[in-house]
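Accompanying notes for the structure given below.
The values are calculated or read from the model by the stated rules, or taken from the named source; none is laboratory data. Just so it is clear, the model here is predicted, and its values are computed rather than measured. Because the Cβ atoms are built from the backbone with ideal geometry, glycine has one as well, and the counts that use them run over all protein chains shown. With ligands, DNA and RNA removed, areas are computed over all heavy atoms of the protein, side chains included. Shrake-Rupley method; radii C 1.70, N 1.55, O 1.52, S 1.80 Å.
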Amino acid sequence: MAQLTIESPRESEDKWIPSFCMMCMQADDGTLVHIEDGVVTNIIGNPDCPTNLGKVCLRSISSIMGLYNPYRVKAPLKRTNPEKGPDIDPGWVEISWDEALNIVAEKLRKIREEDPRKLLVWEGWGCAESLFITPKEVERATNYEVPGQIFAEAFGTPNVVGSHGPTCSIHYAANLVHGQHPEYISDLEHCDYLIAPGRTVGPNVATPGATRRFIQAIERGMKLVTIDPRCSVEASKGYRWIPIRPGTELAFALSMIHVILYEIRKFDIWFIKNRTNGPYLIGPDGYYVRDSETRKPLVWDPIDKKAKTFDDPSIKDYALEGEYFVGGTKTKPAFQLIKERMKEYTPEWAEKITSVPAETIRTTTKEFVEHAMIGSTIEIDGFTFPLRPAQIAGSGRGAVSHKGGMYFDLCTKIINMLVGAMEVPGGATGNRNPGPCAETLRPNEDGIVKPILEAIGVPWKFPPDHVDMAEFYPTKHTAPHLAVRAILNPEEYYLTYPIEAFLICGANPIRAICDAEIFIEAFKKVPFIVAISTQFDETTMMADIVLPESYFLERKFCRFYLVVHQSIADDVRGLEMALCRNPVPPLFNTMQIDEIIIELADRAGFLKGPGGLNDVINRTFMLTDHRKLDLDKRYSFDEIVDRRIKQIFGDEHSLEEGLKKGFIYKFSATGKKGYNYYYWPDNKTRHPIYFEYTKKTGDTLRENLKKYNVKIPGWKEEELDNFFEYFEPIPKWIPNAEFEAPPEYDLWVANWKTPFMPFATGGTQENPWLAELRENDPYEMFIHINTETAKKKGIKDGDWVEVESRYGKTKGRAKLTELIHPEVIGIPACYGRGTILMNPVAKEGPPFNVLMTAKENIALDPLSGTIDVGPRVKIRKIEEEAR
Amino acid sequence: MTRYAMVIDLKKCIGCDTCTIACRAENATTKGILFNRVFKFEVGKYPHSKLGFLPVTCMHCAKPECEKQCPTGATTRRKDGIVIVDKDKCMGCQYCVVTCPYGTRYYLDKIEKYVKGFETPYEKKGHKRHKKGTVEKCDFCLKRVERGEKPACVVSCIANARYFGDLDDPNSEVSRLIALRRGYTLNPELGTEPSVYYLPDY
């Protein structure tokens, strides 16, 4: 058992040091940390930081207790007990940094010489603060073409797997339709009507910047319609709460499209004709009909009665409906096909599936179209924009994390496009960092917004290079659930090389995903595991070597191009910022992760020279001239960060400057430049509303499977048609697997994030202040059940209950509430589990994740790779002894 | 005359407990004692139901019951309206704890550690400010107020739902908010005249 003592340095002082928070994945709050006589006594918001304006949330302040957590990893450790498991004492012995780094570097060197693919790097939100491990640092000018996984690229492994992705694979639609990453964001500046399915706009997770904007928008009179199985804080403050069965938001969205096209019959015709591929002619094969010479997609000019290329300057009008013969082939405009597909999705049809009254669907859609003010304009800096003050939010994890969930997200894009609310004031946009620019909506040769990242997907290769089966799920987000299956069943998954080492960086897949037993088995199979950790969490307990990472308050760090989440307004539009942290004196024998990476790369022989870490850093950070790293020199982390600051902000700036204030920033896209429409106005670019690219991805994959005579691992041959149902160019209704659950599983289960634990980042599970509050909270650690439903089942408030899906079961105390759909059980956050080496409070609470499965043909959406987070369950009262 | 008062806008409060933790950090209270608490509840019946929140601190009453009952004179109401406890005079009889209608006074029986079996440097330093066997409570962050700052709960609120100012000044922000939004106190029938007002959630 690790020692529980902390020595704190004795220094007579009273100072406030600029820092920033890392208690959730956003990390966009500048802070001031109070140090009195060597003790951190308080944390407040930095009043000059433009994102949070002097505010921090309860987690940020509580991070004082994360710093002083006696259960932290304090020194480099080596395992002596060969038996591995999250609840088995590893028999750690303390070793020196030198010995630890040499052991790891030797393993890395050997693997890199044999086959670098044998190294699998795990990353999670605990690692969002590494410049070298995570792919979250992407450069605007490269339009995401330079991969950000610097360490992995220098090492030579394609195998970087994120533990944060499987229940939150929400990027494809924004990558495809907005040309932005990571996701859709609610632009609240001019929005009058916001529909938010399955997602937060800030207050549900108490993020300061988004909460500020939310309150301002509500006070201004913005109408918020929340679609959610439960009534959250935001739903309580909004205009309307629409309770819904989990995983049926797709049906709701399809029905909205039907109501617009068939009942209201009013939409932004100008937008569809000029700024989407709605008028593009589609052949019987489902693809664009192209001009035989130029290969450009064709449209039909109904006035001149002929087909023309989409960019023909002589076009007088675009046909959106009808049938037209082009060169003997029968074609239809894409819009016509969309309209045909949506015919059956009436509100009455949707009501049966969603339980939302048809009238509510109609009223909401009608209000949405009215508030969009189709045809209206607004002038900003002398430039006339379309004004469309209505949006339906995409990327909502609660709605997208289901089979068919990515179709739902694509539907939200269609709905926004139907009223012209895309990339204009009042309308939907993405949260690309650092902000609006000419690159975002740049059209490709087909005149369509260039797809990026996950929308482009991973090219086919057989046998697959990626252990996470990226070749078979080219558009997925992260797939640790596939990686572990491949490791355990290499033949079935066509894996031709073994994984010999895991490098774990701030990732905890054993807790944060599902099918924990499969993960544990895979971890046991891999011969060498090194974890860079702050806590002895479930995954760290499987390591052979633990390298102690400094707690975030102790890390000197600079975070670039932070991405604003949940919402934007003019307060952060076009903000380019580097947040800088002055470290508090380290308590233990720890290092910051990127310093560990530099050390390992050097000792393993891939820091210097062409293709080494320095070289990849130069390319990824686009360092030029004197700022470029010399390939044969070793630089400190500080020096590298300083050069990056100079590259972005100019040579007159420095890390030292950033540390003095806590940040360096500029607003580079304000006013008219703050909207992507400005750079490609009128008909200069088009968003896809017919997802031909998606179809191409599916068809290409299908051809390759045939050509190589292989199947999708984990799917039966006869299920292949079902797999490819998710790659059609127009979304359609797909019932998720839980619709076919046996009737004894009569309820659904839903999960949501809370202010106490949106993530485990920063050690929320172990934090004693957060634990003290959540233990006494009337909602937090309970299993929520609708009051009427509970009565029918003989369950009283506070009773111990067991909730069981077909994949697992969990126990907890019942909370009877009026705030949840009668068919839904609610289990918040990510409690339970814990390990023998953590603060015991980490074990408390009912775990939700055990109820899910990631079995591919049961629970995955092949387009996004997401796991279905809303299985069907049954609930029963249990005796207190039985737990 | 100055009369310090707090206004809490329940329409804006999102029930995140940031004020509770900010108060904890400012005062270094022991585990189990929180000068600010946020009550969370629901109103209505499904589907016409919603969450409600009620942050509660010492009300700094103009006619405080606690001062009336205190046998040693440890609890007094200052001229500026802030009700304080002199821990050197307090004998820990807890009459005030029993009599406070708002339940916002706390008897420090023993100093409990945040992490069982361990004392953090934060506690080592901060718990020196507390005296076992006495009653403690919110003091409107008196030290901050004397420096010209507002209480930690007010400054930290991420929804900007809390206000602090002079109730005796009819033009102060707190006075205007109470007048315009029909601010109210809790249990006015008890005649304690609290200095904490709430703006309704509608």
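Checked against the criterion of being out of contact with any Gly (no Cβ under 7 Å at 6 or more places or on another chain) and either modelled with pLDDT under 95 or surrounded by fewer than 18 Cβ atoms within 10 Å (Cβ to Cβ) (or both), the candidates A:ILE648, A:ILE596 yield just one match: A:ILE648. Applying the selection to the range A:411-451, what residues are farther than 26 Å from A:TYR665 by Cβ and acidic (Asp, Glu)? Once the filter is applied, which keeps residues that are farther than 26 Å from A:TYR665 by Cβ and acidic (Asp, Glu), the range A:411-451 yields A:GLU445, A:ASP446.
Residue pairs whose Cβ atoms lie under 6 Å apart, separated by 6 or more positions or on different chains, with the first residue in the range A:835-863 and under 30 Å from A:ASN722 (Cα atoms) and at pLDDT 95 or above and the second of a type in the set (Lys, Arg) and open to solvent by less than 20 Å² (accessible area, probe 1.4 Å), are A:ASP861/A:LYS403. Identify the residue in the range A:832-847 that is open to solvent by less than 10 Å² (accessible area, probe 1.4 Å), more than 13 Å from chain B (Cβ to nearest Cβ) and out of contact with any strand residue (DSSP E or B) (no Cβ under 8 Å at 6 or more places or on another chain) and, among all such residues, is farthest from A:GLU772 (Cα to Cα). Result: A:THR835. Note on the range A:754-777: residues that are more than 12 Å from chain B (Cβ to nearest Cβ) and under 15 Å from A:PHE848 (Cα atoms) amount to 4.
Scanning the range A:82-111 for residues that are in contact (Cβ under 8 Å) with a residue 40 or more places away in the chain, of a type outside the set (A, V, I, L, M, F, W, C) and surrounded by fewer than 19 Cβ atoms within 10 Å (Cβ to Cβ) yields A:LYS84, A:GLY85, A:ASP87, A:ASP89, A:ASN102, A:GLU106, A:ARG109. B:GLY52 fulfils the conditions (1) surrounded by fewer than 21 Cβ atoms within 10 Å (Cβ to Cβ); (2) in a loop (DSSP other than H, G, I, E, B) except for a single criterion, (2). Considering only residues that are more than 17 Å from B:ILE21 (Cα to Cα), in contact (Cβ under 8 Å) with a residue 12 or more places away in the chain, open to solvent by 20 Å² or more (accessible area, probe 1.4 Å) and over 24 Å from the mean Cα position of the chain (by Cα), which ones fall in the range A:19-50? Within the range A:19-50, A:GLU36, A:ASP37, A:ASP48 meet the criteria. Would you confirm whether any residue within the range B:8-19 is more than 10 Å from chain A (Cβ to nearest Cβ) and part of a loop (DSSP other than H, G, I, E, B)? Within the range B:8-19, one or more residues are more than 10 Å from chain A (Cβ to nearest Cβ) and part of a loop (DSSP other than H, G, I, E, B).
The sole residue among A:ALA479, A:ALA438 that is of a type in the set (Gly, Ala, Ser) and open to solvent by 20 Å² or more (accessible area, probe 1.4 Å) is A:ALA438.
Quick grid of which residues meet (1) assigned to a loop (DSSP other than H, G, I, E, B); (2) closer than 30 Å to A:TYR71 by Cβ; (3) open to solvent by 30 Å² or more (accessible area, probe 1.4 Å):
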| position | (1), (2), (3) |
| --- | --- |
| B:MET91 | yes, no, yes |
| B:CYS96 | no, no, no |
| B:LYS110 | yes, yes, yes |
| B:TYR122 | no, yes, no |
| B:LYS132 | yes, yes, yes |
| B:PHE140 | yes, no, no |
| B:VAL145 | no, no, no |
| B:LYS150 | yes, no, yes |
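Could you check, for the range A:695-716, whether at least one of its residues is away from every other protein chain (no Cβ under 14 Å), modelled with pLDDT under 95 and in a helix (DSSP H, G or I)? Within the range A:695-716, none of the residues are away from every other protein chain (no Cβ under 14 Å), modelled with pLDDT under 95 and in a helix (DSSP H, G or I).
Among the conditions (1) within 30 Å of A:GLY396 (Cβ to Cβ); (2) of a type in the set (Gly, Ala, Ser); (3) open to solvent by 20 Å² or more (accessible area, probe 1.4 Å), A:SER567 misses just one, which is (3). Taking (1) on the phi < 0 side of the Ramachandran plot; (2) assigned by TED's automatic domain parsing to the domain that holds A:SER864; (3) surrounded by 17 or more Cβ atoms within 10 Å (Cβ to Cβ) in turn, A:GLY762 satisfies each apart from (1).
Residue-level check: of (1) open to solvent by 10 Å² or more (accessible area, probe 1.4 Å); (2) touching a strand residue (DSSP E or B) at 6+ places or on another chain (Cβ under 7 Å); (3) more than 20 Å from A:LYS695 (Cα to Cα); (4) acidic (Asp, Glu), A:ASP446 misses just (3).
In summary, A:PRO158 fulfils each of the numbered conditions (1) open to solvent by 10 Å² or more (accessible area, probe 1.4 Å); (2) out of contact with any His (no Cβ under 8 Å at 6 or more places or on another chain) with the single exception of condition (2). Exactly one residue out of A:LEU631, A:LEU655, A:LEU607 is surrounded by 21 or more Cβ atoms within 10 Å (Cβ to Cβ) and within 21 Å of A:GLY156 (Cβ to Cβ): that is A:LEU607.
Could you check, for the range A:825-842, whether at least one of its residues is in a strand (DSSP E or B), of a type outside the set (Val, Ile, Thr) and in the same structural domain as A:VAL749 (by TED's automatic domain parsing)? Yes: one or more hits. The selection criterion, being under 30 Å from B:CYS19 (Cβ atoms), among the hydroxyl-bearing types (Ser, Thr, Tyr) and not in a helix (DSSP H, G or I), does not hold for A:THR211. On inspection, A:PRO731 does not qualify as part of a loop (DSSP other than H, G, I, E, B) and surrounded by fewer than 20 Cβ atoms within 10 Å (Cβ to Cβ). The set of residues in the range B:27-51 that are within 17 Å of B:LEU108 (Cα to Cα) and at the interface with another protein chain (Cβ under 7 Å from one of its Cβ atoms) contains only B:LYS31. Just so you know, in the range A:797-813 the residues that are open to solvent by 30 Å² or more (accessible area, probe 1.4 Å) and in contact (Cβ under 8 Å) with a residue 24 or more places away in the chain include one that is nearest to A:GLU123 (Cα to Cα), and it is A:TYR807.
Against the criterion of being assigned to a helix (DSSP H, G or I), crowded, with 22+ Cβ neighbours inside 10 Å and out of contact with any Cys (no Cβ under 6 Å at 6 or more places or on another chain), A:LEU176 qualifies. A count restricted to the range A:160-193 and to residues that are among the small types (Gly, Ala, Ser) and more than 21 Å from A:ALA479 (Cα to Cα) stands at 2. The set of residues in the range A:832-883 being out of contact with any Gly (no Cβ under 7 Å at 6 or more places or on another chain) and of a type in the set (Gly, Ala, Ser) consists of A:GLY834, A:ALA854, A:ALA859, A:GLY865, A:ALA882. Please pick out the residue among A:ALA483, A:ALA543, A:ALA470, A:ALA507 that is farther than 25 Å from A:GLY834 by Cβ and out of contact with any helix residue (DSSP H, G or I) (no Cβ under 6 Å at 6 or more places or on another chain). Going through A:ALA483, A:ALA543, A:ALA470, A:ALA507 in turn, the sole match is A:ALA470. Picking from residues in the range B:152-166 that are out of contact with any helix residue (DSSP H, G or I) (no Cβ under 6 Å at 6 or more places or on another chain) and open to solvent by 20 Å² or more (accessible area, probe 1.4 Å), the one that is farthest from the other protein chains (Cβ to nearest Cβ) is B:ASP166.
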